[in-house]
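The values are calculated or read from the model by the stated rules, or taken from the named source; none is laboratory data. Nothing here was measured: the structure is a model prediction, and the numbers come from that model. We place every Cβ from the backbone using ideal geometry, glycine too, and count neighbours over all the protein chains shown.
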Amino acid sequence: MDALETDLAAQLAHTLQQTNFANLGTLYRGKVRDVYRQGDRLILVTTDRVSAFDVVLGTIPHKGQILNAMAKVGFETTQDIVKNHVLSIPDPNVVVATRCEAYPIEFVVRGYITGSLWRDYERGAAGAYGISLPSSLRKDQAFRAPILTPTTKAQHGHDQPISMAAIVEQGLMSAQALEEASAVALALFERGQAHAASHGLILVDTKYELGLDTEGTLRVIDEIHTPDCSRYWMADTYAERFERGEAQAMLDKENLRAWLIDTHGYRGDGPPPALTDEIRLLLTRRYMDAHLRLTGHAFKPEVQDVGARLAKNLENAGLFAS
Ligand SMILES: Nc1ncnc2c1ncn2[C@@H]1O[C@H](COP(=O)(O)OP(=O)(O)O)[C@@H](O)[C@H]1O
Ligand SMILES: [Mg+2]
């Protein structure tokens, strides 16, 4: 083992599984984030939890910190397009954010036909989004222009496809708000694709959450352009692999999904298999690789008790109620 491998292995025992701060605000525990509400602001703690098929499977060393760093870059490189929710980053795993009334829609933007949309298209079921696609697309083919395939945010279980017309008809958003949000999502995607391209990657598809702050200003919230909410492919091998009908080289959670499906036949039903240290460390490597590619510099892992560091930084930032 080299020094890096030894350090990564040592961190297996120190991952941030969850937090339980009593005086940080009202806690909502998402799949990946522990979200504390303090009036108009949120303290979002990105833990090391990893999920696939909407199921939390365990923790990956350094994942929370890497994800938070990548979201920071995503927000910084898009702030001229739309305001975002970031107020401060008092710890590598934390964002203090403006709390928004989130639209009940996930704005999924896709540049290519792949994943779940490809599976729907193959069985003639891509109509749920209310858009008609050309009839002879091939798997992983680029659309002439990116498309929006919104889903409703399910409280429980999986998100459901919805058409733009249905969003308005069901009163989920006004036509005007939807138009504005859609334009923002597409503009963000264009920027995300350009950023990815300048780093040798293709931003294939991603998901945005948008909402209004107490002043009624539109903001992009949650996380953006991270490998958790996006699919990235390696740009240099795209064309060749596409021509040959081969799977694309991925930079995202598909790695974990592939491990779950191929090794364990697991697709989200029943009790999930336990993650081995081997797959956990492999995923740390993938997240580190993603960090290097998307931020332009290497992630420097430190062996440390993330929870203890976090508590100290939150304390120093004066975020606990006294
Ligand atoms: N600025 C914000 N205002 C309101 N809600 C937010 C904001 N940023 C993120 N959220 C919500 O906080 C949660 C983040 O936790 P996460 O673990 O990602 O949850 P999930 O399991 O729903 O993906 C999500 O429900 C997201 O919609
Ligand atoms: Mg989330």
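Just give me the residues in region 280-322 being modelled with pLDDT under 95, acidic (Asp, Glu) and assigned to a helix (DSSP H, G or I), in sequence order.
Result: Asp289, single match.
Residues in region 177-197: is at least one at negative phi, touching a strand residue (DSSP E or B) at 6+ places or on another chain (Cβ under 8 Å) and of a type in the set (Phe, Trp, Tyr)?
Checking region 177-197: at least one residue is at negative phi, touching a strand residue (DSSP E or B) at 6+ places or on another chain (Cβ under 8 Å) and of a type in the set (Phe, Trp, Tyr).
Assuming Ser136 fulfils every condition listed in (1) polar (S, T, N, Q); (2) assigned to a helix (DSSP H, G or I); (3) without any contact (Cβ under 8 Å) to a residue 60 or more places away in the chain apart from one, which condition is it?
(2)
Where in region 200-279 are there strands (runs of 3 or more DSSP E), lying fully within it, with 3 or more residues that are within 16 Å of ligand 1 (Cβ to nearest atom)?
Hits in region 200-279: 201-212, 218-221.
For region 4-53, what are the residues that are at positive phi and within 19 Å of the chain's Cα centre (by Cα)? Please lay out each step first, then the result.
Let us first name the residues in region 4-53 that are at positive phi, namely 25, 39, 53.
Result: Phe53, single match.
Would you mention how many residues in region 223-240 are crowded, with 24+ Cβ neighbours inside 10 Å and closer than 20 Å to Asp159 by Cβ?
6
Of all residues in region 37-48 being within 13 Å of ligand 2 (Cβ to nearest atom) and among the polar types (S, T, N, Q), which is surrounded by the fewest Cβ atoms within 10 Å (Cβ to Cβ)?
Thr47
Out of (1) touching a Lys or Arg at 6+ places or on another chain (Cβ under 8 Å); (2) without any contact (Cβ under 8 Å) to a residue 24 or more places away in the chain; (3) away from ligand 2 (no atom under 16 Å from the Cβ), the odd one out for Ser51 is which?
The single condition Ser51 does not satisfy is (3).
Being aliphatic (A, V, I, L, M) and under 27 Å from Met70 (Cα atoms) is the filter here, so list the residues in region 139-177 that pass it.
Matches in region 139-177: Ala142, Ala145, Ile147, Leu148, Ala154.
Being within 21 Å of the chain's Cα centre (by Cα) and surrounded by fewer than 17 Cβ atoms within 10 Å (Cβ to Cβ) is the filter here, so list the residues in region 258-280 that pass it.
The answer is Ala258, Ile261, Arg267, Gly268.
Quick check: anything in region 125-132 surrounded by 17 or more Cβ atoms within 10 Å (Cβ to Cβ) and over 17 Å from the mean Cα position of the chain (by Cα)?
The answer is yes, given that some residue of region 125-132 is surrounded by 17 or more Cβ atoms within 10 Å (Cβ to Cβ) and over 17 Å from the mean Cα position of the chain (by Cα).
When you check Thr152 against the structure, is it in contact (Cβ under 8 Å) with a residue 12 or more places away in the chain and touching a helix residue (DSSP H, G or I) at 6+ places or on another chain (Cβ under 7 Å), yes or no?
no
Kindly indicate whether Thr214 is out of contact with any Pro (no Cβ under 8 Å at 6 or more places or on another chain) and more than 16 Å from ligand 2 (Cβ to nearest atom).
yes
If you go through region 5-57, how many residues are more than 13 Å from ligand 1 (Cβ to nearest atom), farther than 26 Å from Glu315 by Cα and out of contact with any helix residue (DSSP H, G or I) (no Cβ under 9 Å at 6 or more places or on another chain)?
The qualifying residues number 3.
Does at least one position in region 163-170 carry a residue that is modelled with pLDDT of 95 or more, part of a helix (DSSP H, G or I) and closer than 21 Å to Pro227 by Cβ?
Within region 163-170, not a single residue is modelled with pLDDT of 95 or more, part of a helix (DSSP H, G or I) and closer than 21 Å to Pro227 by Cβ.
Could you grab me the full set of residues in region 85-109 that are touching a helix residue (DSSP H, G or I) at 6+ places or on another chain (Cβ under 8 Å), surrounded by fewer than 21 Cβ atoms within 10 Å (Cβ to Cβ) and assigned to a strand (DSSP E or B)?
The answer is Val86, Ile89, Pro90.
Considering only residues that are of a type in the set (A, V, I, L, M, F, W, C), without any contact (Cβ under 8 Å) to a residue 24 or more places away in the chain and assigned to a strand (DSSP E or B), which ones fall in region 1-48? First the steps, then the outcome.
Taking region 1-48 as the starting set, the residues that turn out to be of a type in the set (A, V, I, L, M, F, W, C) are 1, 3-4, 8-10, 12-13, 16, 21-22, 24, 27, 32, 35, 42-45.
Then keep just the ones that are without any contact (Cβ under 8 Å) to a residue 24 or more places away in the chain; that gives 1, 3, 13, 22, 27, 35.
The answer is Leu27, Val35.
Of the conditions (1) more than 14 Å from ligand 2 (Cβ to nearest atom); (2) under 22 Å from Ala308 (Cβ atoms), Asp34 clears all except one; give me its number.
All conditions pass for Asp34, except number (1).
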